[in-house]
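In what follows, a structure is listed as structure tokens, so that the remarks can point back to it.
We did not get these values from a lab; they are worked out from the coordinates using the rules stated. Please read these numbers as outputs of a predicted model, since none were measured by experiment. We place every Cβ from the backbone using ideal geometry, glycine too, and count neighbours over all the protein chains shown.
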Amino acid sequence: MIKKEIRSTVFNRLKKYDSSANYHPRVIDAECEVVLNQMYNEVAGASPLSLMRFVKGYGYTTPLDVLTEASTGIYYTTLPESIVPIMDKASGVRRVAPATQTGKKFNPMDQREWDLMMNSSFAGYVKNKIGYCVTPTRVEYYGMTGAIITSGVRMDILVPFSKYLDTDVILVPEHKDGNGLGFIDRVVQSFKDKPPIDLIDDNKETE
């Protein structure tokens with residue numbers, strides 16, 4: 001479904017439980033994002049490669065730039081969009097690839113591995129792999145080549161629900177939780193703990 005259809009479906013389901021339901025679209029979007037992020041992490045725990053079904057590609061039409069930080073010499077690419085944090089090395093950046101075919105492969109690294117590689121006397125022997133480390137705002141590289149700096153990179157990333165346009169198609173995981181609830185059901189369930197709107201207009205404080 002496209003984003004606005006998901007929002008509409010959630011709203012219509014909420015009306016069945018509370019006829020006075022009057023949730024702002026951003027509130028519904030926020031709940032959808034919380035549930036979707038949780039489900040992405042559940043998929044990652046069961047089958048990390050399956051997350052590729054839900055990514056959005058960047059750099060395929062216009063490659064993403066590889067820049068150099070002057071003070072440290074670190075090569076990096078600024079994230080083109082916010083990412084969903086995932087509890088593994090790749091986090092929300094599920095794939096990085098050269099914009100043109102070079103035979104180089106990108107492998108996710110954590111900061112500890114990054115430090116070990118930088119201090120290792122054998123680091124220079126790794127010729128066909130480039131390590132990438134995901135930070136909140138950018139992707140940093142170890143072993144970057146001049147050819148890729150010139151041509152740029154592509155990325156497949158998990159994008160938060162709030163960053164999609166209303167007309168964008170959003171694929172959601174199909175699995176259910178321990179209570180047999182899927183994505184829409186889980187979003188609706190999250191609203192049930194919220195008190196209904198008080199429509200009584202008697203100028204009295206509510207307790």
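Measuring nothing but alpha carbons in the range 15-65 and taking Rh as the Kirkwood radius, the Rg to Rh ratio lands at 1.19. Counted as membrane-span-like here are DSSP H helices of the chain whose alpha-carbon atoms extend 24 Å or more along the helix's own axis and whose Kyte-Doolittle mean is -1.0 or above; these are 25-46. Computing FRET efficiency as 1/(1 + (r/R0)^6) for A147 and T78, where r is the C-beta to C-beta distance and R0 is 22 Å, gives about 0.60.
Kindly provide the GluC sites (Glu not before Pro) of the range 1-77 that DSSP labels as loop, not H, G, I, E or B, and whose Cβ sees at most 15 other Cβ atoms within 10 Å.
The qualifying sites are E69.
Taking amide H positions as modeled 1.01 Å from N, with prolines and chain starts lacking one, the residues under 5 Å from R95 and 5 or more places away or on another chain are D156. Counting 0.36 nm for each residue step from K176 to L49 and taking away their Cα separation leaves a gain of 43.9 nm.
How high is the FRET efficiency from Q101 to E69, r the C-beta distance, R0 25 Å, rounded to 0.05? Please report the intermediate quantities before stating the final value.
Values: r = 27 Å, r/R0 = 1.09.
My answer for the efficiency is 0.40.
Give me the percent relative contact order of the chain, please, defined on Cα pairs under 8 angstrom at least 6 residues apart.
After rounding, I find 32 percent.
Note on R13 and Y60: their simple-model spin labels are 2.9 nm apart, each label 7 Å out from Cα toward Cβ. Label zone of S190 (point 7 Å out along Cα→Cβ, amide N under 19 Å): in the range 66-82 this covers 82. Using the Cβ-Cβ distance between R26 and R112 with R0 set to 35 Å, the FRET efficiency works out to roughly 0.40.
Converting the Cα gyration tensor eigenvalues of the range 56-158 into ellipsoid dimensions via √(5λ) gives semi-axes, longest first, of 20, 17, 13 Å.
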